[in-house]
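Taking it in order: structure first as structure tokens, then the write-up.
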Amino acid sequence: MGSQSRGGQCILTLFALAYLFLLGGCSQNDPRRSITLWHQMVPRDRVMLDKLVEEFEAAHPEIDVRTLYKETEELRSGFQTAALAGIGPELVYGPSDVLGTFHAMGIVGDMSPWVNSEEAGEFVEGALTYLPAPNDSEHRMLLQVPDRFGNHLALVYNRKFIAEPPVTTAEMVDLAVANTLDSDRDGRQDRYGLVWNFVEPFFAIPFLTGYGAWVFDESGQPVPALDTPESVSAYQFILSLQQEHGVVPRNCDYETADSLFKSGKAAMIINGDWSWTDYLETEEIDAAIAPLPVVSATGKPMAPMISPKGYSLNALVSPQATEDAMQFVQFMTSSESQRKFMELVRILPSRKKLLDDPLIREDPTLAASKEQFDRGRIMPVDVEMRAVWDAMRPPYQTLLGGNTTPAAAARQMQQNALHSIEIIQQESVSTAFLWLWQLAGLAICGGLVFWQRKSLMGLLPDMRRQPFTYLLIAPALVVMFATVVFPFFYNVLLSLSNMSLHNFQEWSIVGLRNYVDVFTEAKFFGVLLKTLVWTVVNVVFHVGIGVALAIALNGPIRGKPLYRVLLIIPWAVPAYITALTWRSMFHYDYGAVNLLLGEFLGIPPLNWLGEPGLAFTACIVANVWLGYPFMMVIALGGLQGIPQELYEAARIDGANRWQQFRNVTLPLLKPVLAPAVVLGGIWTFNNLNVIWLVSNGGEPADQTHILVSYVYKAVFSFYRYGYGAALSMVIFVLLLAVSLYSLHRTRATESVYT
């Protein structure tokens, strides 16, 4: 045994020396200081970003700039998570609407020491984002230095159909009606007059402002003002475009509107500046940009929200990294850098003198963007804005589905907004019996050690006998601890805490308060029931279809290898692609499902994505398509292990096909299928992708949520981290209990124990 130990130590030493040799040979000592930038720039912008980074590094050879692209939600949630751990990029780039949240969490730094009043005066009014310091209301922190204005909506029209853009909404409606055509008279429009992301409240803001409404009241505080006569009039006009004039397709989300306009099947589209370059470069259409029209009923222009986009500083980085990052920000937001971006991607700069640049007057796109910018209103950066968006979405989608009135929708939006703001702003104080929870934690840990005392006592001698074996499995154990054990117990701790928007970094234990909130929440049991229906229906179809196909493939059929490949495709294709494909197939006007139902069964088009019951059914259909191949493969493997002699004996005894399946196939498949059914049930219960992508985040009106998507929304929309952790623990306990009960009743694992 001693020689084995010494041999193991020698081998380990050799491995260590080899690793150090490779590490030393492959690494290079870079004396430069690095700064990291997370950004949301589209591919065209990244070309100029890379060029400017090269220029900056040439002028500052001591600094290395590393850029990383992230999607909007990924950047937001990723930066919050990284900041919570005290790490993350030195800089983040994006629109200003998230700054209120970042500021409340204390994860963005004050940039005002690097931008004095004279330099601030060189920016357009409203470009620089200031918010009061947490501990000093008289000091205003500079949270973002922008290099552009963006995210504002405008009207894009196809000059093949419309020679001059409309000036008023009456002209827009007339042009839209004239360009809404059913050329082949099949009952489906071949071209629509006007499209936009009809189901998203952000795109409704220009209609609200055109009628004199706004999301907040005029008090200067973030107090919702969603239930006003002006708002009701705006919603009535939006509704009339679809129900009265028929110029907007049903379920017109962003992808549908974008595709229709690019393919020449829409005459006009309302979209943001991020999309204009694509339209202008699409050869199939002759696109041009124009300001949104004036509302004929009020004489007021449709004013979209406008948002500065720029750089924000991580509050948790070192002083030297902060200094380097601010040098980079000053370079990227300089007049020279902004003009280069303006020339390449036609964006509006944030510096005053560049707004008078001849390029803006001479370029039609920039000129229209500037005119639209002058009419717009700065998007609020208050935390309450997030609550307003979530409050508006369900009633707005219910209104568009024809299930409520504009007045009722506006009233519900206001109620939802006040309730959502209350949830976001609520703070739970730490429990007075913190010592009791600490004692309970120690008692649980001690109980676990006592429970496993025999295993632990036998582990130490075994480690001394076989040290090399344990050293080999040590990396795997470390990884399992880091990715499974630690996150689990950390989540348990969070579920007992008051971690939220205002207690993001300095949270404390509040006991079982989050669990009480979970079980007293009005929506919880409704969502739980829907989740159970979702899981049971999906698993039944997964098993039924999977076993049926497995039996067919196990029989004497021609082309068996080809059928196996074809039937495994739904499982092989990434779920993300499949879910989006099914969403497009369920579209009201252009989806393959309605076309097939009408062609072969004579069923009129169904509003799959606009009715709660049908939307939930559409999610189930997509998930059944994704899930049956797994059960088919498992069942096929089990069938091939059943001896044929048993079927021969059953046939001799006079058993028919059904009796053979019931008395031979099914009992022998049970040990294989039972664990697969439990595993499939767990996957289905926690399947966020299909629900989120097919229903577009719970649409319509948040009626298609299951528990896992409900948790996601609670955490990332309302910043209820403690509540979300508690709800996830409830899900874990439910699944654990059902899994153990199912495996015990089916005795699927009894052969493992014997």
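Screening PRO561, PRO570, PRO556 for residues that are surrounded by fewer than 19 Cβ atoms within 10 Å (Cβ to Cβ), part of a loop (DSSP other than H, G, I, E, B) and not hydrophobic (A, V, I, L, M, F, W, C) leaves exactly one candidate, PRO556. Of all residues in region 526-568, those being more than 19 Å from ILE642 (Cα to Cα), without any contact (Cβ under 8 Å) to a residue 40 or more places away in the chain and of a type in the set (A, V, I, L, M, F, W, C) number 8.
Across region 205-225, what is the number of residues that are in contact with a strand residue (DSSP E or B) (Cβ under 9 Å, 6 or more places away or on another chain) and either in a loop (DSSP other than H, G, I, E, B) or of a type in the set (A, V, I, L, M) (or both)?
Count: 7.
With the checklist (1) under 24 Å from the mean Cα position of the chain (by Cα); (2) surrounded by fewer than 24 Cβ atoms within 10 Å (Cβ to Cβ); (3) of a type outside the set (Val, Ile, Thr); (4) at pLDDT below 90 in hand, flag the one item PHE202 doesn't pass. Going through (1) under 24 Å from the mean Cα position of the chain (by Cα); (2) surrounded by fewer than 24 Cβ atoms within 10 Å (Cβ to Cβ); (3) of a type outside the set (Val, Ile, Thr); (4) at pLDDT below 90 one by one, PHE202 breaks only (4). For the residues VAL492, VAL510, the requirement of being of a type in the set (Val, Ile, Thr), under 30 Å from GLN425 (Cβ atoms), surrounded by 15 or more Cβ atoms within 10 Å (Cβ to Cβ) and out of contact with any strand residue (DSSP E or B) (no Cβ under 8 Å at 6 or more places or on another chain) singles out VAL492.
For region 706-745, a residue qualifies if it is outside any helix (DSSP H, G or I) and either on the phi > 0 side of the Ramachandran plot or buried (at least 23 other Cβ atoms within 10 Å of the Cβ) (or both), and the qualifying residues are ILE706, TYR719, ARG720. Just checking, does region 330-347 include any residue being under 25 Å from THR129 (Cα atoms), basic (Lys, Arg), in contact with a Phe, Trp or Tyr (Cβ under 8 Å, 6 or more places away or on another chain) and at pLDDT 90 or above? No, there is no match, as no residue in region 330-347 is under 25 Å from THR129 (Cα atoms), basic (Lys, Arg), in contact with a Phe, Trp or Tyr (Cβ under 8 Å, 6 or more places away or on another chain) and at pLDDT 90 or above.
Being assigned by TED's automatic domain parsing to the domain that holds GLY546, over 20 Å from GLY526 (Cα atoms) and surrounded by fewer than 16 Cβ atoms within 10 Å (Cβ to Cβ) holds for only one residue in LEU646, LEU688, LEU673, and it is LEU646. Annotation: of all residues in region 220-229 being farther than 14 Å from ARG411 by Cβ and in contact with a Phe, Trp or Tyr (Cβ under 9 Å, 6 or more places away or on another chain), the one that is modelled with the highest pLDDT is VAL223. The criterion of at least 3 residues that are acidic (Asp, Glu) and either in contact (Cβ under 8 Å) with a residue 24 or more places away in the chain or buried (at least 21 other Cβ atoms within 10 Å of the Cβ) (or both) is met by none of the helices (runs of 4 or more DSSP H) falling completely within region 327-373. Could you check, for region 697-715, whether at least one of its residues is more than 23 Å from SER500 (Cβ to Cβ) and either among the hydrophobic types (A, V, I, L, M, F, W, C) or without any contact (Cβ under 8 Å) to a residue 12 or more places away in the chain (or both)? Yes, some residue in region 697-715 is more than 23 Å from SER500 (Cβ to Cβ) and either among the hydrophobic types (A, V, I, L, M, F, W, C) or without any contact (Cβ under 8 Å) to a residue 12 or more places away in the chain (or both).
One line per residue, one yes/no per condition, for (1) at pLDDT below 90; (2) within 19 Å of the chain's Cα centre (by Cα); (3) at negative phi:
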residue	(1), (2), (3)
SER77	yes, yes, yes
ALA82	yes, yes, yes
TYR93	no, yes, yes
THR101	yes, yes, yes
MET105	yes, no, yes
GLY109	no, no, yes
PRO113	no, no, yes
SER117	yes, no, yes
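The values are calculated or read from the model by the stated rules, or taken from the named source; none is laboratory data. All values derive from a computational prediction rather than experimental measurement. In this analysis, Cβ positions are derived from the backbone assuming ideal geometry, glycine residues included, and neighbour counts consider all displayed protein chains.
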